[in-house]
1. Where the centre of each part is set by its Cα atoms, how far does segment 127-181 sit from segment 466-482, in angstrom?
2. What are the aspartates and glutamates whose alpha-carbon lies under 14 Å from the alpha-carbon of LYS248, with same-chain residues fewer than 8 places away excluded?
3. Mark the label point 7 Å from the Cα of ASP458 along Cα→Cβ and return the residues of segment 397-424 whose backbone N is within less than 12 Å of it.
4. Can you list the equivalent-ellipsoid semi-axes of segment 412-455, largest first and in whole Å, using the square root of 5 times each Cα gyration tensor eigenvalue?
5. Can you list which of the DSSP-assigned H helices in the chain have a Cα extent of 27 Å or more along the long axis and an average Kyte-Doolittle score of at least 0.5?
6. Counting other Cβ atoms within 10 Å, which GluC sites (Glu not before Pro) in segment 160-192 have at most 14 and lie in a DSSP loop?
7. Report the antiparallel proportion of the DSSP beta bridges in the chain as a percent, rounded to a multiple of 5.
8. Filter the trypsin sites (Lys or Arg not before Pro) in segment 330-409 down to the DSSP loop ones having no more than 15 other Cβ atoms within 10 Å, then list what survives.
Amino acid sequence: MRIFLLLHFVILAFACWGFSTERPNILFIFCDDHATQAISAYGGPLAEIAPTPHIDRIAEEGMLFRKAYVTNSICGPSRAVVLTGKYSHLNGFRKNGDTFDGSQQTAPKLLRKAGYETAIVGKWHLKSEPTGFDHYEVLIGQGQYYNCRLKTNEEIVKHEGYTTDVITDQTLAWLEQRDPEKPFFLMSQHKAPHGRWEPAIRHLDFLADVDVPEPPTLFDDYSGRSQAAAGHAMGIADHMGDFRLMFKYSSKLTPAQKTGLDAYFAPRNAAYHEANLEGKDRTRWHYQRYIKNYLRCVRAVDENVGRLLAYLDENGLTENTLVIYSSDQGFYLGEHGWFDKRWMYEESFRTPLIARWPGVVEAGAVNDTDIVSNLDFASTFLDVAGTNIPDDLQGESLVPVMKGLTPQDWRKTHYYHYYESGGHGVPLHFGVTDGRYKLIRFPEGHLDSWELFDLESDPLELESRFGDPELSRQQAFLESEMRRLQEKYEVPATE
Ligand code: CA
(Lines give C-alpha, C1' and ligand atoms only; values in the text may rest on other atoms or scores of the structure.)
Protein backbone atom coordinates (compact mmCIF):
# COMPACT_ATOMS: atom_id res chain seq x y z
CA MET A 1 0.00 0.00 0.00
CA ARG A 2 2.80 2.35 0.95
CA ILE A 3 4.61 1.60 -2.33
CA PHE A 4 1.42 2.17 -4.24
CA LEU A 5 0.96 5.58 -2.56
CA LEU A 6 4.56 6.51 -3.26
CA LEU A 7 4.18 5.52 -6.90
CA HIS A 8 0.99 7.50 -7.10
CA PHE A 9 2.75 10.54 -5.66
CA VAL A 10 5.63 10.24 -8.13
CA ILE A 11 3.25 9.94 -11.10
CA LEU A 12 1.26 12.92 -9.84
CA ALA A 13 4.41 14.99 -9.37
CA PHE A 14 5.55 14.22 -12.92
CA ALA A 15 2.12 15.03 -14.27
CA CYS A 16 2.14 18.39 -12.49
CA TRP A 17 5.67 19.11 -13.59
CA GLY A 18 4.82 18.26 -17.18
CA PHE A 19 1.73 20.41 -16.97
CA SER A 20 3.53 23.42 -15.54
CA THR A 21 6.18 23.45 -18.27
CA GLU A 22 3.69 22.99 -21.05
CA ARG A 23 1.08 25.50 -20.09
CA PRO A 24 0.20 27.42 -23.25
CA ASN A 25 1.28 30.96 -23.87
CA ILE A 26 -1.42 33.49 -24.63
CA LEU A 27 -0.88 36.20 -27.24
CA PHE A 28 -3.81 38.61 -27.28
CA ILE A 29 -3.66 40.95 -30.28
CA PHE A 30 -6.21 43.66 -29.70
CA CYS A 31 -7.10 46.47 -32.05
CA ASP A 32 -9.16 49.57 -31.58
CA ASP A 33 -12.29 50.09 -33.67
CA HIS A 34 -11.49 47.30 -36.12
CA ALA A 35 -14.75 46.26 -37.79
CA THR A 36 -15.33 42.74 -39.11
CA GLN A 37 -16.25 44.38 -42.45
CA ALA A 38 -12.53 45.25 -42.79
CA ILE A 39 -11.18 41.72 -42.20
CA SER A 40 -11.22 39.63 -45.35
CA ALA A 41 -11.68 36.38 -43.42
CA TYR A 42 -15.17 37.70 -42.61
CA GLY A 43 -15.94 38.23 -46.32
CA GLY A 44 -18.04 41.13 -47.54
CA PRO A 45 -17.57 43.75 -50.23
CA LEU A 46 -14.23 45.08 -48.93
CA ALA A 47 -12.55 41.66 -48.71
CA GLU A 48 -11.28 41.61 -52.26
CA ILE A 49 -9.91 45.13 -52.49
CA ALA A 50 -8.46 45.26 -48.97
CA PRO A 51 -7.39 41.74 -47.99
CA THR A 52 -5.90 41.03 -44.57
CA PRO A 53 -3.86 37.88 -45.27
CA HIS A 54 -2.08 37.68 -41.93
CA ILE A 55 -5.20 38.06 -39.80
CA ASP A 56 -6.87 35.61 -42.17
CA ARG A 57 -4.07 33.13 -41.46
CA ILE A 58 -5.17 33.04 -37.81
CA ALA A 59 -8.66 32.11 -39.04
CA GLU A 60 -7.35 29.54 -41.53
CA GLU A 61 -5.43 27.86 -38.73
CA GLY A 62 -8.04 28.46 -36.03
CA MET A 63 -11.67 29.45 -35.36
CA LEU A 64 -13.55 32.53 -36.53
CA PHE A 65 -16.56 33.68 -34.50
CA ARG A 66 -19.42 35.44 -36.26
CA LYS A 67 -21.53 36.17 -33.18
CA ALA A 68 -19.00 37.87 -30.92
CA TYR A 69 -20.74 40.80 -29.24
CA VAL A 70 -19.51 43.44 -26.83
CA THR A 71 -21.27 44.54 -23.64
CA ASN A 72 -20.66 48.30 -24.09
CA SER A 73 -19.39 49.41 -27.47
CA ILE A 74 -16.70 51.92 -26.64
CA CYS A 75 -12.95 51.87 -26.08
CA GLY A 76 -12.16 52.20 -22.36
CA PRO A 77 -15.21 50.31 -21.09
CA SER A 78 -14.52 47.38 -23.41
CA ARG A 79 -10.94 47.14 -22.16
CA ALA A 80 -12.11 47.14 -18.54
CA VAL A 81 -14.51 44.29 -19.38
CA VAL A 82 -11.67 42.29 -20.98
CA LEU A 83 -9.47 42.68 -17.90
CA THR A 84 -12.13 41.94 -15.30
CA GLY A 85 -14.70 39.67 -16.96
CA LYS A 86 -17.38 41.92 -15.48
CA TYR A 87 -19.95 44.34 -16.89
CA SER A 88 -19.22 48.07 -16.72
CA HIS A 89 -21.48 48.74 -13.71
CA LEU A 90 -19.44 46.24 -11.65
CA ASN A 91 -15.90 47.02 -12.86
CA GLY A 92 -16.71 50.71 -12.41
CA PHE A 93 -15.63 51.89 -15.88
CA ARG A 94 -18.83 52.88 -17.67
CA LYS A 95 -17.58 55.68 -19.91
CA ASN A 96 -14.42 56.95 -21.53
CA GLY A 97 -13.09 59.50 -19.07
CA ASP A 98 -13.68 57.23 -16.08
CA THR A 99 -10.61 55.99 -14.20
CA PHE A 100 -10.06 52.24 -13.92
CA ASP A 101 -9.73 51.00 -10.36
CA GLY A 102 -6.53 49.02 -10.71
CA SER A 103 -6.81 47.61 -7.19
CA GLN A 104 -9.59 45.23 -8.25
CA GLN A 105 -9.24 41.62 -9.35
CA THR A 106 -8.13 41.24 -12.98
CA ALA A 107 -7.19 38.34 -15.22
CA PRO A 108 -3.55 39.48 -15.59
CA LYS A 109 -3.17 39.56 -11.80
CA LEU A 110 -4.56 36.05 -11.46
CA LEU A 111 -2.41 34.76 -14.32
CA ARG A 112 0.67 36.29 -12.75
CA LYS A 113 -0.18 34.62 -9.47
CA ALA A 114 -0.54 31.34 -11.37
CA GLY A 115 3.03 31.62 -12.63
CA TYR A 116 2.57 33.41 -15.95
CA GLU A 117 4.83 36.24 -17.01
CA THR A 118 2.46 39.05 -17.97
CA ALA A 119 2.95 42.05 -20.24
CA ILE A 120 1.00 44.70 -22.10
CA VAL A 121 2.36 46.82 -24.95
CA GLY A 122 0.39 49.51 -26.75
CA LYS A 123 -2.98 51.05 -26.05
CA TRP A 124 -4.24 51.03 -22.48
CA HIS A 125 -6.69 53.95 -22.29
CA LEU A 126 -7.86 53.33 -18.73
CA LYS A 127 -6.17 56.38 -17.16
CA SER A 128 -4.82 54.70 -14.02
CA GLU A 129 -1.44 52.92 -14.01
CA PRO A 130 -1.65 49.36 -15.33
CA THR A 131 -1.58 46.71 -12.59
CA GLY A 132 -1.01 42.98 -12.77
CA PHE A 133 1.72 43.16 -15.41
CA ASP A 134 5.39 42.24 -15.03
CA HIS A 135 5.98 44.70 -17.82
CA TYR A 136 3.87 47.49 -19.23
CA GLU A 137 4.66 49.88 -22.01
CA VAL A 138 1.58 51.84 -22.94
CA LEU A 139 0.44 54.81 -24.99
CA ILE A 140 -0.53 57.89 -23.06
CA GLY A 141 -4.28 58.40 -23.56
CA GLN A 142 -5.28 57.79 -27.17
CA GLY A 143 -1.70 58.06 -28.42
CA GLN A 144 -0.56 59.31 -31.81
CA TYR A 145 -0.16 57.51 -35.15
CA TYR A 146 3.32 58.97 -35.54
CA ASN A 147 6.19 59.24 -33.06
CA CYS A 148 4.28 57.96 -30.04
CA ARG A 149 5.36 58.06 -26.44
CA LEU A 150 5.23 54.83 -24.47
CA LYS A 151 5.10 54.82 -20.69
CA THR A 152 6.60 52.10 -18.48
CA ASN A 153 6.63 52.04 -14.69
CA GLU A 154 9.99 53.81 -14.88
CA GLU A 155 9.98 56.24 -17.77
CA ILE A 156 8.30 57.71 -20.81
CA VAL A 157 10.12 57.02 -24.08
CA LYS A 158 9.42 58.79 -27.35
CA HIS A 159 9.69 56.49 -30.38
CA GLU A 160 10.16 57.83 -33.87
CA GLY A 161 8.16 55.98 -36.50
CA TYR A 162 4.67 54.70 -37.25
CA THR A 163 2.94 53.64 -34.06
CA THR A 164 1.51 50.34 -35.34
CA ASP A 165 5.08 49.32 -36.27
CA VAL A 166 6.49 50.64 -32.99
CA ILE A 167 3.99 48.71 -30.85
CA THR A 168 4.99 45.53 -32.68
CA ASP A 169 8.71 46.37 -32.35
CA GLN A 170 8.27 46.73 -28.60
CA THR A 171 6.12 43.60 -28.38
CA LEU A 172 8.86 41.63 -30.11
CA ALA A 173 11.53 43.23 -27.92
CA TRP A 174 9.66 42.06 -24.84
CA LEU A 175 9.32 38.53 -26.25
CA GLU A 176 13.08 38.47 -26.87
CA GLN A 177 13.92 39.17 -23.24
CA ARG A 178 11.09 37.27 -21.49
CA ASP A 179 11.75 34.52 -18.99
CA PRO A 180 11.63 31.34 -21.11
CA GLU A 181 10.98 29.25 -17.99
CA LYS A 182 7.51 30.74 -17.66
CA PRO A 183 4.50 30.73 -19.96
CA PHE A 184 3.57 34.24 -21.07
CA PHE A 185 0.40 36.27 -21.24
CA LEU A 186 1.02 39.11 -23.66
CA MET A 187 -1.43 41.80 -24.71
CA SER A 188 -0.25 43.59 -27.86
CA GLN A 189 -2.77 46.37 -28.33
CA HIS A 190 -2.88 48.76 -31.25
CA LYS A 191 -4.21 52.26 -31.46
CA ALA A 192 -5.13 51.50 -35.06
CA PRO A 193 -7.51 51.71 -36.77
CA HIS A 194 -8.97 54.27 -34.34
CA GLY A 195 -9.46 57.75 -35.80
CA ARG A 196 -8.07 60.11 -36.82
CA TRP A 197 -6.89 57.84 -39.59
CA GLU A 198 -3.30 58.73 -40.39
CA PRO A 199 -1.86 56.02 -42.65
CA ALA A 200 1.76 54.99 -42.91
CA ILE A 201 3.53 56.78 -45.76
CA ARG A 202 4.20 53.40 -47.40
CA HIS A 203 0.46 52.76 -47.70
CA LEU A 204 -0.66 56.03 -49.25
CA ASP A 205 -0.71 54.54 -52.74
CA PHE A 206 -2.86 51.64 -51.59
CA LEU A 207 -6.42 52.17 -52.95
CA ALA A 208 -5.39 55.57 -54.35
CA ASP A 209 -7.05 54.85 -57.68
CA VAL A 210 -9.85 52.59 -56.48
CA ASP A 211 -13.49 53.49 -55.91
CA VAL A 212 -14.30 51.68 -52.69
CA PRO A 213 -17.85 50.25 -52.77
CA GLU A 214 -20.35 52.22 -50.70
CA PRO A 215 -22.47 50.46 -48.11
CA PRO A 216 -26.17 50.32 -49.05
CA THR A 217 -27.13 52.48 -46.06
CA LEU A 218 -24.70 55.35 -46.68
CA PHE A 219 -27.68 57.65 -47.22
CA ASP A 220 -29.89 56.24 -44.47
CA ASP A 221 -32.73 58.65 -43.60
CA TYR A 222 -33.38 56.98 -40.19
CA SER A 223 -37.08 56.50 -40.87
CA GLY A 224 -38.63 53.28 -39.65
CA ARG A 225 -37.03 53.51 -36.24
CA SER A 226 -37.35 55.55 -33.04
CA GLN A 227 -35.98 59.10 -32.98
CA ALA A 228 -32.68 57.91 -31.50
CA ALA A 229 -30.60 57.25 -34.63
CA ALA A 230 -31.69 60.49 -36.28
CA GLY A 231 -30.14 62.44 -33.39
CA HIS A 232 -26.62 61.19 -34.13
CA ALA A 233 -23.57 63.43 -34.51
CA MET A 234 -21.34 60.91 -36.27
CA GLY A 235 -22.27 61.45 -39.89
CA ILE A 236 -19.87 61.13 -42.77
CA ALA A 237 -21.74 64.01 -44.38
CA ASP A 238 -21.45 66.58 -41.61
CA HIS A 239 -19.47 65.51 -38.57
CA MET A 240 -16.03 64.37 -39.65
CA GLY A 241 -14.12 67.65 -39.33
CA ASP A 242 -10.74 68.62 -40.74
CA PHE A 243 -8.64 66.08 -38.84
CA ARG A 244 -10.71 63.00 -39.61
CA LEU A 245 -10.72 64.03 -43.25
CA MET A 246 -6.95 64.63 -43.21
CA PHE A 247 -7.30 68.25 -44.27
CA LYS A 248 -5.14 68.74 -41.17
CA TYR A 249 -2.94 66.21 -39.45
CA SER A 250 -0.68 65.61 -36.51
CA SER A 251 1.67 68.42 -35.65
CA LYS A 252 4.18 65.94 -34.25
CA LEU A 253 5.64 64.74 -37.55
CA THR A 254 9.26 64.68 -38.61
CA PRO A 255 9.99 66.79 -41.73
CA ALA A 256 10.24 63.60 -43.82
CA GLN A 257 6.88 62.33 -42.51
CA LYS A 258 5.24 65.69 -43.19
CA THR A 259 6.65 65.75 -46.72
CA GLY A 260 5.39 62.20 -47.31
CA LEU A 261 1.84 62.94 -46.14
CA ASP A 262 1.73 66.32 -47.90
CA ALA A 263 2.77 64.79 -51.20
CA TYR A 264 -0.35 62.65 -51.20
CA PHE A 265 -2.91 64.77 -49.39
CA ALA A 266 -2.11 68.39 -50.32
CA PRO A 267 -3.03 68.25 -54.03
CA ARG A 268 -6.12 66.14 -53.35
CA ASN A 269 -7.25 68.46 -50.56
CA ALA A 270 -6.81 71.47 -52.81
CA ALA A 271 -8.90 69.80 -55.52
CA TYR A 272 -11.64 69.02 -52.98
CA HIS A 273 -11.81 72.61 -51.75
CA GLU A 274 -11.83 73.94 -55.28
CA ALA A 275 -14.62 71.62 -56.38
CA ASN A 276 -17.03 72.93 -53.72
CA LEU A 277 -18.97 69.70 -53.68
CA GLU A 278 -22.47 69.58 -52.26
CA GLY A 279 -25.03 67.05 -51.11
CA LYS A 280 -24.45 63.42 -51.98
CA ASP A 281 -21.33 64.17 -54.00
CA ARG A 282 -19.71 65.72 -50.95
CA THR A 283 -20.73 62.78 -48.73
CA ARG A 284 -19.37 60.34 -51.31
CA TRP A 285 -16.05 62.16 -51.38
CA HIS A 286 -15.89 62.11 -47.56
CA TYR A 287 -16.67 58.40 -47.56
CA GLN A 288 -13.88 57.61 -50.03
CA ARG A 289 -11.39 59.70 -48.04
CA TYR A 290 -12.45 58.05 -44.78
CA ILE A 291 -12.62 54.44 -45.90
CA LYS A 292 -9.33 54.52 -47.78
CA ASN A 293 -7.44 55.91 -44.81
CA TYR A 294 -9.17 53.47 -42.46
CA LEU A 295 -8.23 50.52 -44.68
CA ARG A 296 -4.66 51.80 -44.97
CA CYS A 297 -4.41 51.85 -41.17
CA VAL A 298 -5.75 48.28 -41.16
CA ARG A 299 -3.11 47.28 -43.70
CA ALA A 300 -0.36 48.29 -41.30
CA VAL A 301 -2.04 46.27 -38.54
CA ASP A 302 -2.22 43.24 -40.78
CA GLU A 303 1.45 43.45 -41.75
CA ASN A 304 2.36 43.68 -38.09
CA VAL A 305 0.20 40.69 -37.19
CA GLY A 306 2.30 38.89 -39.81
CA ARG A 307 5.48 39.93 -37.98
CA LEU A 308 4.17 38.51 -34.69
CA LEU A 309 3.09 35.22 -36.29
CA ALA A 310 6.49 34.92 -37.99
CA TYR A 311 8.22 35.41 -34.65
CA LEU A 312 6.18 32.59 -33.13
CA ASP A 313 7.06 30.38 -36.11
CA GLU A 314 10.76 31.17 -36.00
CA ASN A 315 11.03 30.61 -32.27
CA GLY A 316 9.14 27.35 -31.99
CA LEU A 317 6.25 29.02 -30.17
CA THR A 318 3.43 28.52 -32.66
CA GLU A 319 2.35 25.10 -31.39
CA ASN A 320 2.00 26.08 -27.75
CA THR A 321 0.55 29.57 -28.04
CA LEU A 322 -3.10 30.54 -28.12
CA VAL A 323 -3.31 33.55 -30.44
CA ILE A 324 -6.45 35.65 -30.21
CA TYR A 325 -7.22 38.51 -32.58
CA SER A 326 -9.99 40.87 -31.55
CA SER A 327 -11.00 44.52 -31.24
CA ASP A 328 -12.54 46.56 -28.44
CA GLN A 329 -15.67 46.84 -30.61
CA GLY A 330 -16.75 47.02 -34.21
CA PHE A 331 -17.25 50.21 -36.18
CA TYR A 332 -19.41 51.87 -38.81
CA LEU A 333 -17.67 52.02 -42.17
CA GLY A 334 -20.31 54.24 -43.72
CA GLU A 335 -23.27 52.05 -42.71
CA HIS A 336 -26.19 54.28 -41.67
CA GLY A 337 -24.09 57.17 -42.96
CA TRP A 338 -21.75 56.87 -39.99
CA PHE A 339 -18.25 56.57 -38.71
CA ASP A 340 -17.71 55.68 -34.97
CA LYS A 341 -19.41 53.06 -32.79
CA ARG A 342 -21.48 53.03 -29.50
CA TRP A 343 -24.82 51.84 -30.89
CA MET A 344 -26.19 48.35 -30.38
CA TYR A 345 -26.77 48.10 -34.14
CA GLU A 346 -24.77 45.24 -35.60
CA GLU A 347 -21.68 46.89 -37.07
CA SER A 348 -20.40 48.22 -33.74
CA PHE A 349 -22.11 45.71 -31.45
CA ARG A 350 -20.35 42.87 -33.21
CA THR A 351 -16.58 42.59 -32.82
CA PRO A 352 -14.02 40.44 -34.62
CA LEU A 353 -12.87 37.36 -32.75
CA ILE A 354 -10.47 34.84 -34.23
CA ALA A 355 -8.53 32.28 -32.19
CA ARG A 356 -5.74 29.91 -33.13
CA TRP A 357 -4.58 27.15 -30.80
CA PRO A 358 -2.90 24.31 -32.68
CA GLY A 359 -3.90 20.86 -31.55
CA VAL A 360 -6.88 22.21 -29.61
CA VAL A 361 -8.87 24.36 -32.04
CA GLU A 362 -9.66 22.80 -35.39
CA ALA A 363 -8.11 24.71 -38.29
CA GLY A 364 -10.51 26.63 -40.49
CA ALA A 365 -13.44 26.32 -38.06
CA VAL A 366 -16.20 28.92 -38.29
CA ASN A 367 -18.56 29.40 -35.38
CA ASP A 368 -21.66 31.23 -36.57
CA THR A 369 -24.08 30.02 -33.93
CA ASP A 370 -22.68 30.50 -30.43
CA ILE A 371 -23.08 33.93 -28.85
CA VAL A 372 -19.75 34.88 -27.35
CA SER A 373 -18.61 38.14 -25.83
CA ASN A 374 -15.67 40.24 -24.70
CA LEU A 375 -17.06 39.38 -21.26
CA ASP A 376 -15.66 35.87 -21.84
CA PHE A 377 -11.98 36.73 -22.30
CA ALA A 378 -10.97 36.81 -18.63
CA SER A 379 -12.52 33.39 -17.88
CA THR A 380 -10.99 32.02 -21.07
CA PHE A 381 -7.47 33.19 -20.22
CA LEU A 382 -7.70 31.65 -16.75
CA ASP A 383 -9.10 28.38 -18.10
CA VAL A 384 -6.34 28.14 -20.71
CA ALA A 385 -3.79 28.65 -17.94
CA GLY A 386 -5.41 25.87 -15.94
CA THR A 387 -6.01 28.09 -12.96
CA ASN A 388 -9.12 28.71 -10.89
CA ILE A 389 -11.85 30.96 -12.35
CA PRO A 390 -13.35 33.01 -9.51
CA ASP A 391 -17.13 32.77 -9.12
CA ASP A 392 -17.67 36.50 -9.48
CA LEU A 393 -16.57 36.59 -13.13
CA GLN A 394 -19.62 37.10 -15.33
CA GLY A 395 -18.31 35.59 -18.55
CA GLU A 396 -17.79 31.98 -19.56
CA SER A 397 -14.65 30.21 -20.70
CA LEU A 398 -14.52 29.86 -24.47
CA VAL A 399 -12.27 26.81 -24.22
CA PRO A 400 -15.05 24.21 -24.75
CA VAL A 401 -16.53 26.35 -27.54
CA MET A 402 -13.14 26.58 -29.22
CA LYS A 403 -12.84 22.80 -28.97
CA GLY A 404 -16.19 22.45 -30.76
CA LEU A 405 -17.79 21.18 -27.54
CA THR A 406 -20.18 24.01 -26.73
CA PRO A 407 -22.07 23.14 -23.53
CA GLN A 408 -25.83 22.54 -23.84
CA ASP A 409 -26.54 25.41 -21.48
CA TRP A 410 -24.40 27.96 -23.33
CA ARG A 411 -25.99 31.46 -23.36
CA LYS A 412 -28.79 31.92 -25.87
CA THR A 413 -29.13 35.67 -25.32
CA HIS A 414 -26.73 38.53 -24.65
CA TYR A 415 -27.19 41.77 -22.70
CA TYR A 416 -25.82 45.16 -23.81
CA HIS A 417 -25.60 48.46 -21.91
CA TYR A 418 -24.16 51.73 -23.25
CA TYR A 419 -23.72 54.56 -20.75
CA GLU A 420 -21.89 57.44 -22.40
CA SER A 421 -25.01 59.41 -23.20
CA GLY A 422 -24.44 62.25 -25.63
CA GLY A 423 -21.09 61.24 -27.12
CA HIS A 424 -21.49 61.66 -30.90
CA GLY A 425 -25.18 62.15 -30.22
CA VAL A 426 -25.68 58.56 -29.09
CA PRO A 427 -28.10 58.27 -26.16
CA LEU A 428 -27.88 55.87 -23.24
CA HIS A 429 -29.42 52.57 -24.26
CA PHE A 430 -29.52 48.93 -23.36
CA GLY A 431 -30.82 45.81 -25.02
CA VAL A 432 -30.76 42.11 -25.56
CA THR A 433 -30.40 39.81 -28.56
CA ASP A 434 -30.75 36.14 -29.25
CA GLY A 435 -28.62 36.45 -32.36
CA ARG A 436 -31.61 36.89 -34.66
CA TYR A 437 -34.00 39.25 -32.88
CA LYS A 438 -32.78 42.33 -31.07
CA LEU A 439 -34.62 44.50 -28.55
CA ILE A 440 -33.26 47.95 -27.71
CA ARG A 441 -34.50 50.36 -25.04
CA PHE A 442 -33.78 54.11 -25.11
CA PRO A 443 -34.93 55.15 -21.63
CA GLU A 444 -34.06 58.85 -21.56
CA GLY A 445 -37.07 61.12 -21.32
CA HIS A 446 -36.75 62.91 -24.65
CA LEU A 447 -36.62 59.56 -26.47
CA ASP A 448 -38.33 57.04 -24.21
CA SER A 449 -38.67 54.38 -26.86
CA TRP A 450 -38.02 50.80 -27.88
CA GLU A 451 -36.85 49.13 -31.06
CA LEU A 452 -37.12 45.53 -32.21
CA PHE A 453 -35.30 44.11 -35.21
CA ASP A 454 -35.44 40.82 -37.08
CA LEU A 455 -31.94 40.45 -38.49
CA GLU A 456 -32.99 37.70 -40.84
CA SER A 457 -35.58 39.70 -42.76
CA ASP A 458 -33.92 43.07 -42.07
CA PRO A 459 -30.14 42.58 -41.70
CA LEU A 460 -29.46 46.29 -42.20
CA GLU A 461 -31.75 47.17 -39.24
CA LEU A 462 -33.84 49.73 -41.09
CA GLU A 463 -37.28 48.93 -39.71
CA SER A 464 -38.18 48.50 -36.07
CA ARG A 465 -40.89 45.91 -35.54
CA PHE A 466 -41.56 46.86 -31.93
CA GLY A 467 -45.27 46.44 -31.23
CA ASP A 468 -45.80 44.42 -34.43
CA PRO A 469 -48.33 41.67 -33.52
CA GLU A 470 -46.52 39.27 -35.84
CA LEU A 471 -43.52 39.38 -33.53
CA SER A 472 -45.35 39.61 -30.20
CA ARG A 473 -44.01 36.26 -29.03
CA GLN A 474 -40.40 37.19 -29.83
CA GLN A 475 -40.84 40.62 -28.27
CA ALA A 476 -42.25 39.18 -25.04
CA PHE A 477 -39.40 36.67 -24.88
CA LEU A 478 -36.73 39.35 -25.25
CA GLU A 479 -38.47 41.61 -22.74
CA SER A 480 -38.39 38.84 -20.17
CA GLU A 481 -34.79 37.99 -21.08
CA MET A 482 -33.86 41.62 -20.53
CA ARG A 483 -35.28 41.52 -17.01
CA ARG A 484 -33.69 38.16 -16.29
CA LEU A 485 -30.25 39.25 -17.47
CA GLN A 486 -30.41 42.57 -15.63
CA GLU A 487 -31.04 40.59 -12.47
CA LYS A 488 -28.42 37.98 -13.23
CA TYR A 489 -25.75 40.58 -13.97
CA GLU A 490 -26.80 42.79 -11.03
CA VAL A 491 -27.58 45.86 -13.13
CA PRO A 492 -28.78 48.56 -10.69
CA ALA A 493 -32.46 49.34 -11.20
CA THR A 494 -31.73 53.05 -11.67
CA GLU A 495 -29.56 52.31 -14.68
CA1 CA B 1 -12.47 51.48 -29.67
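The values are calculated or read from the model by the stated rules, or taken from the named source; none is laboratory data. The structure presented is a predicted model; accordingly, all values stated were derived computationally and were not measured. So basically every Cβ, Gly included, is an ideal-geometry build from the backbone, and we count neighbours across all protein chains shown. Ligands, DNA and RNA are stripped out before the accessible areas are found, and what is left, the full protein with its side chains, is counted by its heavy atoms. Shrake-Rupley method; radii C 1.70, N 1.55, O 1.52, S 1.80 Å.
1. Centre-to-centre distance over Cα atoms comes out at 48 Å.
2. GLU198, ASP262
3. No residue passes the distance filter.
4. On the way: eigenvalues 82, 25, 14 Å².
The three semi-axes for segment 412-455 are 20, 11, 8 Å.
5. Working: long enough: 2-22 (30 Å, 1.51); 255-275 (29 Å, -0.72); 279-314 (53 Å, -0.98).
Membrane-span-like by this criterion, though nothing is claimed about a membrane: 2-22.
6. Details: sites: GLU160, GLU176, GLU181; in loops: GLU160, GLU181.
Passing both the DSSP loop test and the Cβ count: GLU160, GLU181.
7. Details: 30 of 58 bridges.
Given both bridge residues lie in the chain, the antiparallel proportion sits at roughly 50 percent.
8. LYS403
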